[in-house]
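Input: a single structure, listed below in structure tokens.
The values are calculated or read from the model by the stated rules, or taken from the named source; none is laboratory data. Every value quoted in this text rests on a predicted model; they were computed, and no experiment measured them. Neighbour counts are summed over all protein chains in view; Cβ atoms, including those assigned to glycine, are modelled from backbone coordinates with ideal geometry. Heavy atoms of the whole protein, side chains included, go into the accessibility calculation; ligands, DNA and RNA do not. Shrake-Rupley method; radii C 1.70, N 1.55, O 1.52, S 1.80 Å.
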Amino acid sequence: MHKTLLVAAFSLLATGPALALGCSEGSHFANAEVYPAKTMGTLTTATQYAWDGGTGIVRTCNLTTESGDLAGVWNLFSGEIDVAHGGICIALTNSDGRSWYSCVTPDAVARASAARPDTPGFALSFRDWQTEVAAFRR
């Protein structure tokens, strides 16, 4: 069932209206800190999504470096979210093709963007991992 939900979500992304979200566009508004679980194995891909707080996600960035490394901390930019998709999800995929998601709500993103740079509130932490975005609905 979980795989079916993910396939449905990604099918909607492929067929739905395209959003003008872009990686590293706009102003730097927060930092992202990613903490993968050791049980994930060898990670091959890290992808950032804009999230509506429910099941709607839009791909914005590939976070894997050209050498295949995952940058553990990076800058988030205002062009990577919009009013309808104000939250952020990170997907980590391992060498077996298995993916995990960690998301922060639109409210948490707004709080980080209101915080002063170089303060703890300016950083969004991605530590809690699930196998589907829908698990983050609250």
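Cβ separations smaller than 8 Å between residues 6+ apart or across chains give the following pairs from the range 105-128 residues that are of a type in the set (S, T, N, Q) to residues that are buried (at least 18 other Cβ atoms within 10 Å of the Cβ) and assigned to a loop (DSSP other than H, G, I, E, B): THR105/GLY53. Contact annotation: residue pairs with Cβ atoms under 8 Å, 6 or more positions apart or on different chains, pairing a residue in the range 49-75 that is on the phi > 0 side of the Ramachandran plot with a partner that is at pLDDT 85 or above and open to solvent by 30 Å² or more (accessible area, probe 1.4 Å), are GLY53/THR105; GLY53/PRO106; GLY68/THR44.
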